[in-house]
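S.K.: Quick one: this structure, given as structure tokens, is what I'll be asking you about.
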Amino acid sequence: MKRNSFMCRNRLFILSMTFSSLFLFTCCNRHFTGESTEEEKDTAQVSLTVFGTCGDGSSMNTLEFITDDSDTLNLELVDAYDTGKVFGGYAVGDRMAVVLNPDSTKALLVINETTMAGTWMLAGNGKATVRIDRDGSMTSCGMPVNYSSWSIVNGKLVLERDSTDNDAAVSVNIRKTSGGQTAASINCRRCVFEILKLDADSFVYSDTDDTTRIYRYVRKM
């Protein structure tokens, strides 16, 4: 009787260890093969994009970044400079959007939202202007597509049209101008763009779906 009881307990122990090993193998295999759900990928991207202001401890290759959560980060800028991903420069008090590396020691991309704010004129067309406000709103005049708001999402410029705009989902042809505006067709309510250049006088971005669509603006004084 004792022998049977011992053998039963032994079998249960072996089964328990087998299931535990299978569970650990599955978890570890998923980790090392780099598999992840789309939700996990999105969360990781969002967590590496932070917003805040430039602190007075910044220098040529270092950004003192004070986040909206009141954390102070001293970020190396060498990688961002090497890849041409420092847009709009930085000065004390400027509003910034920064994409961080995983351990939050380096800035991989820097966008100065303060530099981006203001009134811009479509290159080659002095009657087409857009005003970018710091509160995330936009107003335009004479533009082929009128967006009502802007934001920075994962280092990209996102422009949105008013939800009440009945023509928001209608394709709009953009004529080619002497300023280098590329002919294109836009058919979206929420469009995503890649910033190519931003300084005190120039603002250039391209369509992420078609990089030949490049939009160039100059600062209107």
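S.K.: If you take the residues of the range 96-133 that are within 17 Å of Lys220 (Cβ to Cβ) and among the charged types (D, E, K, R), which of them is modelled with the lowest pLDDT?
M.R.: Ranking the candidates gives Lys127 first.
S.K.: What is the residue count in the range 94-144 for residues that are in a strand (DSSP E or B) and loosely packed, with under 13 Cβ neighbours inside 10 Å? It would help to see each step written out before you state the result.
M.R.: Looking only at the range 94-144, we keep the residues that are in a strand (DSSP E or B), and these are 95-100, 106-112, 118-122, 129-132, 137-141.
Now narrow it down to the ones that are loosely packed, with under 13 Cβ neighbours inside 10 Å: 137, 141.
Residues flagged as in a strand (DSSP E or B) and loosely packed, with under 13 Cβ neighbours inside 10 Å within the range 94-144 amount to 2.
S.K.: Between Gly136, Gly88, which is within 17 Å of Leu196 (Cα to Cα) and in contact with a Ser or Thr (Cβ under 6 Å, 6 or more places away or on another chain)?
M.R.: Values: Gly136 fails: within 17 Å of Leu196 (Cα to Cα).
That would be Gly88, the only listed residue that is within 17 Å of Leu196 (Cα to Cα) and in contact with a Ser or Thr (Cβ under 6 Å, 6 or more places away or on another chain).
S.K.: Could you grab me the full set of residues in the range 189-221 that are among the aliphatic types (A, V, I, L, M) and closer than 14 Å to Leu157 by Cα? Let's see the steps before the verdict.
M.R.: Within the range 189-221, the subset among the aliphatic types (A, V, I, L, M) is 192, 195-196, 198, 200, 204, 214, 218, 221.
Selection gives Val192, Ile195, Leu196, Leu198, Val204, Ile214.
S.K.: Of all residues in the range 60-93, how many are crowded, with 17+ Cβ neighbours inside 10 Å and not small (Gly, Ala, Ser)? Steps first, please.
M.R.: As a first pass, look at the range 60-93 and keep what is crowded, with 17+ Cβ neighbours inside 10 Å: 63-66, 73, 75, 77, 80, 85-88, 90.
Restricting the remaining residues to those that are not small (Gly, Ala, Ser) gives 63-66, 73, 75, 77, 85-87, 90.
Adding up the residues that qualify gives 11.
The values are calculated or read from the model by the stated rules, or taken from the named source; none is laboratory data. All figures in this text were calculated on a predicted structure; none of them were measured in a lab. Cβ coordinates were reconstructed from backbone atoms using ideal geometry, including for glycine residues, and neighbour counts include every protein chain displayed.
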